[in-house]
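To start, the structure itself, in structure tokens.
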Amino acid sequence: MLKLLSHIAERCVEWLMVIALGLIVVLVFSNVVARYGFGSGFAGAEELSLLLFLWLVFLGSILALRQRAHLGMELVQAMLPRRLRRVCAVITHVLILYVLWLFFAGSWTQTMIGMHNYSTVLHYPNSIKAASGLVCAGSMLLIVGLNLVRILINSPNAQVPGDPPPPEPGTPASATALQNATQGAQS
């Protein structure tokens with residue numbers, strides 16, 4: 001059930017990103033055409049595209065964390081024994097949770113301040129901008145926190161940096177082991 005909800009949430013975030021990117025392209029392109037073709041453009045296009053870009057970046061960050069697509073230095077951890085990799089993972093997860101908490105608290109403060117400040121052209125509350133950081137930090141806190149719990153209870157679903165990737169669905173275990181050995185020999 002949790003996997004299904006996670007999959008649905010990922011798809012929703014992906015579609016929100018597609019919509020935001022599409023709107024950014026339409027707004028910027030139509031504004032450029034209007035300025036050069038008619039001498040005047042939509043005054044709020046830049047402000048709205050900036051807002052959409054901000055949400056696009058933060059939603060993409062959530063998705064990248066969920067799919068383990070962020071850049072990471074796992075070279076040293078990969079050389080450690082499994083037990084030490086888990087210890088390193090716990091330490092880094094606790095540090096990441098602390099930084100995310102700071103991000104969340106700062107975004108919360110900015111959201112509260114932004115409730116009474118409005119954008120220059122479109123006059124929307126600036127809290128909409130700060131809320132993107134709030135959503136990002138809150139989502140990342142959940143993702144990292146759940147993975148930390150999985151590591152601590154030694155769940156097979158835990159994502160420990162440096163561990164070999166899980167076998168792809170439909171691939172026999174022996175074929176995956178052979179593939180990993182072949183890749184190791186080629187390096």
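The values are calculated or read from the model by the stated rules, or taken from the named source; none is laboratory data. On a predicted model such as this, the values are computed, not experimentally measured, just so you know. Ideal geometry is used to build each Cβ from the backbone, glycine not excepted, and the neighbour counts take in all protein chains shown. Surface accessibility is based on the protein's heavy atoms, side chains included, excluding ligands, DNA and RNA. Shrake-Rupley method; radii C 1.70, N 1.55, O 1.52, S 1.80 Å.
Before moving on, here are some points about what is shown:
- Averaged over residues, the count of other Cβ atoms within 10 Å places the peptides 140-151, 78-89 in the sequence 140-151, 78-89, highest first.
- Square roots of five times the Cα gyration tensor eigenvalues for the chain, Å: 41, 22, 14
- Rounded to the nearest 10 Å², the accessible area of residue 108 at probe 1.4 Å: 130 Å²
- Kirkwood hydrodynamic radius of segment 12-86, Cα pairs, Å: 15.2 Å
- For residue 118, the residues whose amide H sits under 5 Å from its own are 126, ignoring neighbours fewer than 5 places away on the same chain, with H placed 1.01 Å from N.
- Stokes-Einstein diffusion for segment 97-168 at 37 °C, viscosity 0.692 mPa s, with a Kirkwood radius from C-alpha pairs, works out to 230 µm²/s.
- For segment 1-41, the spread of Cα coordinates along the three principal axes comes to 55, 8, 6 Å, biggest extent given first.
- Helix-only CD estimate at 222 nm, as mean residue ellipticity for the chain, using -39500 (n - 2.57) per DSSP H run (n ≥ 4): -25500 deg cm²/dmol
- Remark on segment 39-139: ratio of C-alpha radius of gyration to 2.2 N^0.38 Å is 1.47.
- Its relative contact order, with pairs defined as Cα atoms under 8 Å and 6+ residues apart, puts segment 1-116 at 22 percent.
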